[in-house]
Each structure stands twice: as structure tokens, then as C-alpha cells.
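Student: I have a structure I would like to understand better, so I am pasting it below and will then ask my questions one at a time.
The values are calculated or read from the model by the stated rules, or taken from the named source; none is laboratory data. Predicted, not measured: the structure shown is a model, and the values here were computed from it. Positions of Cβ are backbone-derived with ideal geometry, glycine not excepted, and every protein chain shown enters the neighbour counts.
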Ligand code: PMP
């Protein structure tokens with residue numbers, strides 16, 4: 001046993017629960033994270049003392065809510081190193097953010113013939129159309145694949161795929177050939193939600209920008225686990241979900257460089273995204289509200305700001321080191337158990353380890369592990385192309401967060417042994 005560097009379980013009330021008479025070892029953090037008491041209390045306190053719809057009232061509660069919502073935007077901005085609050089668009093989550101972007105990049109009429117006044121603000125050059133190419137990778141979550149499939153189908157663009165090596169890493173060797181002058185967008189996950197492989201995002205951004213292509217980074221599995229600085233990544237768009245970083249469900253972020261967002265139409269229209277409206281036309285609000293039609297999930301934005309402050313008090317670098325140590329320990333312990341295959345190996349990992357027990361269905365193993373109080377996820381993890389790459393129907397995924405410790409990993413190893421002895 002090695003010493004864990006962080007000791008945070010007592011901050012998370014749910015981790016004191018027992019499951020089937022055993023203490024909970026929660027290793028399903030890639031699906032969603034648990035919430036610290038400070039976030040739970042923040043949300044409860046918000047509803048007790050501040051709640052009112054934002055941006056639409058002069059009364060005190062509405063002003064207080066609006067201030068907290070915009071403060072949350074500033075907290076997010078600083079957390080990911082964006083230069084400007086206008087670059088932070090609140091969404092319902094990662095999937096919602098990617099769908100919003102896909103619509104704005106390809107599904108909207110721009111310029112000229114529409115009856116509104118604002119379309120001339122947008123650049124039709126920013127739209128993805130016939131013959132253009134979008135490059136995704138073979139390890140994307142369905143949420144970073146399906147919106148691009150749809151956009152290509154609707155607009156006559158072509159979806160290209162950056163293939164994977166046998167070990168699950170991106171095939172980078174001929175990257176300069178794969179990103180061509182026709183490539184308009186590269187959509188890549190920062191960290192695989194299955195193998196935990198960390199992708200060489202900076203390198204991809206450099207190649208893409210050399211060819212004039214934009215880059216969207218799916219940060220759903222990164223932001224809670226490592227320092228993320230969008231300015232140094234230099235990506236054009238970065239998306240993530242609050243619920244995977246200790247905040248409430250129903251809040252997420254689309255970061256976009258201001259110059260890129262400025263040239264995109266709003267994709268969704270309605271209340272809150274305009275400065276004036278007639279029966280025939282509208283004048284749209286500036287960034288970022290132009291992309292936030294309707295009542296946003298402002299209580300969840302407040303929870304996200306609280307979760308970020310929690311992360312900042314601990315320090316993202318410390319979290320990264322703690323999880324690195326645990327990740328290595330987890331892989332070692334699984335190898336020591338034997339009779340299993342771990343999928344994916346790369347110089348850099350974060351969060352998840354994916355594996356299968358020889359001759360045992362992942363679902364069956366997961367059930368036995370649950371009886372031992374160990375929560376892991378089984379199935380395809382919304383990454384069916386990656387399952388096909390590894391030639392499997394599914395797998396077990398154990399995924400870490402900052403509150404996990406070596407005890408959780410020892411419990412995982414014990415549960416795997418139990419599943420092997422009962423099912424093998
Ligand atoms: N991308 C990745 C890499 C993910 O892990 C997930 C969630 N599993 C998503 C996108 C989708 O996130 P959400 O369900 O919060 O929209």
C-alpha cells in the first residue's frame with residue numbers, strides 16, 4: 001500500500017453510505033461525480049435566500065441571482081484560463097454544448113435573404129458546407145460524434161476519422177496528411193472516457209491551425225482532473241459538464257474564442273438573447289448571451305462556481321498528482337490480480353481504466369462487484385467505435401476522482417477476485 005496524498009472523503013456525505021452492508025467504493029466518476037457538502041449547501045442556501053429568474057428583473061432577488069450567475073461565469077473563465085467572460089457560454093452540459101456548436105457551425109441560414117437584421121453580423125465563411133471535412137477520432141464519446149455525423153449529412157460535408165493505434169492512442173504519424181486544406185474542424189476528446197488516455201491536444205491544434213482548421217476539445221473527462229488552460233492549448237472551442245466536476249447536473253460550458261463565436265449565428269433563439277424585437281425582426285444581444293436563449297440553469301451555474309472554488313482550494317496540480325499515483329496503483333493492482341485484459345496504454349493517462357475479466361461478461365462481473373460495495377460501470381460507455389477497435393462488446397470501467405484512495409483500489413482488486421472466483 002502506498003500513501004494517498006489527498007484525504008477528502010469526509011467532504012462528500014454520500015461516501016459515508018454503505019452498499020449491501022459494505023462501505024461504498026465509488027469508482028464511477030467518469031459517469032458522474034459526487035457532490036461535496038459545500039456545493040450541496042450552496043445550492044440549498046441559494047434556494048432558501050436568493051432564487052429569482054435572472055437578467056429580467058429590477059427587484060433585489062433578481063439582481064442578486066443575476067450577479068451570482070455572472071460571477072459564476074467569471075469563476076469559470078479564470079478556472080480554464082480564458083481571456084474574456086464573453087467567451088464562456090453556459091449550456092446544459094457537454095452534449096448540449098457540442099450540439100449547440102454543431103448547429104451554429106452548419107445548420108443556420110446566414111446572410112442576405114432572411115427577414116432579420118442581424119445575419120450580416122455573421123460570416124458565411126464560418127459555416128461548414130458541401131465538400132468541407134470534419135475530422136473526429138476513433139475514440140470519441142457518441143456526444144462528440146453524432147452531432148458531427150448529423151451536420152455532415154445535412155450539409156453535404158464529409159466526416160473523416162483519425163484512426164487509433166492498437167494500444168488505443170491516436171495515430172499521429174501522418175497527421176499532417178489527415179488534416180487537409182478541406183478540413184474545417186477537428187473534434188477531439190482531451191481524455192478518453194474509456195481508456196483514460198490523454199490526447200496530444202496541443203500538437204493537434206498546431207497541425208489544424210497550420211491548415212486553417214478549427215479545433216473543438218471535449219474536456220468532459222479532463223477539467224476535474226488536471227489543470228486546463230485554454231489559452232495555452234490554443235483550441236478554438238472547449239466544452240465540459242458541471243456534473244462531472246462536483247457541481248449539479250444540467251450545467252455545462254461552451255468556451256469559444258471570442259472571434260470565433262462572434263462569427264457564428266445563435267443556433268437557438270428566444271427570450272434572453274435579444275436586445276430588441278419587433279414582429280418582423282430582432283436585434284441580438286452580444287456574446288455570450290446571444291447563445292443562451294431561454295432561462296438558463298442559473299442555480300446550477302452557482303453550484304458550478306462553488307465546485308470550482310472547492311477544486312481551487314485543493315489545487316488542480318495536487319489533484320493531478322494524486323490521481324496519477326492512484327491510476328498507476330490501480331493498473332498495477334489489476335495486473336497483479338491477473339486473468340484480465342486492460343485496454344489502452346499511453347504515456348499519459350487520467351481517470352479511467354477499462355478492462356475485462358477472461359471469459360466473464362462485464363455486466364455479470366459488475367453485479368458481483370456491486371454486492372461487494374464497489375461501484376464501477378459496465379457496457380460500451382457511449383463509445384461503440386472504440387469497443388469495435390478493441391474487438392469487444394463492452395468492458396468494465398473503473399474511474400477515479402480526487403476523493404478516491406488506495407483503499408478503494410484495494411477493494412476493487414478484492415471485488416475483481418470475487419467475481420473471478422464466482423463466475424470464472
Ligand atoms: N464527452 C465525454 C468524453 C464524456 O465522458 C461524456 C460523458 N460521459 C460526454 C461527452 C457527455 O457528457 P454529458 O452527458 O454530461 O453531456
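Student: Can you confirm whether the range 110-132 contains a residue that is buried (at least 16 other Cβ atoms within 10 Å of the Cβ), modelled with pLDDT of 95 or more and outside any loop (DSSP other than H, G, I, E, B)?
Tutor: no
Student: Criterion first (within 21 Å of residue 335 (Cβ to Cβ) and within 15 Å of the ligand (Cβ to nearest atom)) does residue 353 satisfy it?
Tutor: Yes, satisfied.
Student: Hey, another quick one. Residues to consider are 397, 320; find the one that is under 27 Å from residue 137 (Cβ atoms) and surrounded by fewer than 17 Cβ atoms within 10 Å (Cβ to Cβ).
Tutor: Exactly one of 397, 320 is under 27 Å from residue 137 (Cβ atoms) and surrounded by fewer than 17 Cβ atoms within 10 Å (Cβ to Cβ), namely 320.
Student: Across the range 323-334, what is the total count of residues that are surrounded by fewer than 17 Cβ atoms within 10 Å (Cβ to Cβ) and in contact with a strand residue (DSSP E or B) (Cβ under 7 Å, 6 or more places away or on another chain)?
Tutor: 0
Student: A further question follows. State yes or no: is residue 225 within 13 Å of the ligand (Cβ to nearest atom), within 17 Å of the chain's Cα centre (by Cα) and either in a helix (DSSP H, G or I) or not assigned by TED's automatic domain parsing to the domain that holds residue 57 (or both)?
Tutor: So residue 225 does not fit the description; no.
Student: Taking the range 162-171 as the search range and keeping residues that are assigned to a strand (DSSP E or B) and without any contact (Cβ under 8 Å) to a residue 40 or more places away in the chain, which one is farthest from residue 355 (Cα to Cα)?
Tutor: Across the range 162-171, the extreme among qualifying residues is 162.
Student: Right, another one. Take the range 208-222 and flag every residue that is away from the ligand (no atom under 16 Å from the Cβ) and surrounded by 21 or more Cβ atoms within 10 Å (Cβ to Cβ).
Tutor: The answer is 208, 213, 214.
Student: Moving on. Just to verify a result, which residue in the range 350-371, among those that are in contact with a strand residue (DSSP E or B) (Cβ under 8 Å, 6 or more places away or on another chain) and either without any contact (Cβ under 8 Å) to a residue 12 or more places away in the chain or surrounded by fewer than 19 Cβ atoms within 10 Å (Cβ to Cβ) (or both), is nearest to residue 143 (Cα to Cα)?
Tutor: Across the range 350-371, the extreme among qualifying residues is 363.
Student: When you look at residue 190, is it touching a strand residue (DSSP E or B) at 6+ places or on another chain (Cβ under 6 Å), over 24 Å from residue 158 (Cβ atoms) and not assigned by TED's automatic domain parsing to the domain that holds residue 327, yes or no?
Tutor: For residue 190, the condition - touching a strand residue (DSSP E or B) at 6+ places or on another chain (Cβ under 6 Å), over 24 Å from residue 158 (Cβ atoms) and not assigned by TED's automatic domain parsing to the domain that holds residue 327 - is met.
Student: Kindly indicate the residue of the range 228-254 that is away from the ligand (no atom under 16 Å from the Cβ) and either out of contact with any strand residue (DSSP E or B) (no Cβ under 8 Å at 6 or more places or on another chain) or assigned to a loop (DSSP other than H, G, I, E, B) (or both) and also nearest to residue 313 (Cα to Cα) among those meeting that condition.
Tutor: Only one residue fits best here, namely 229.
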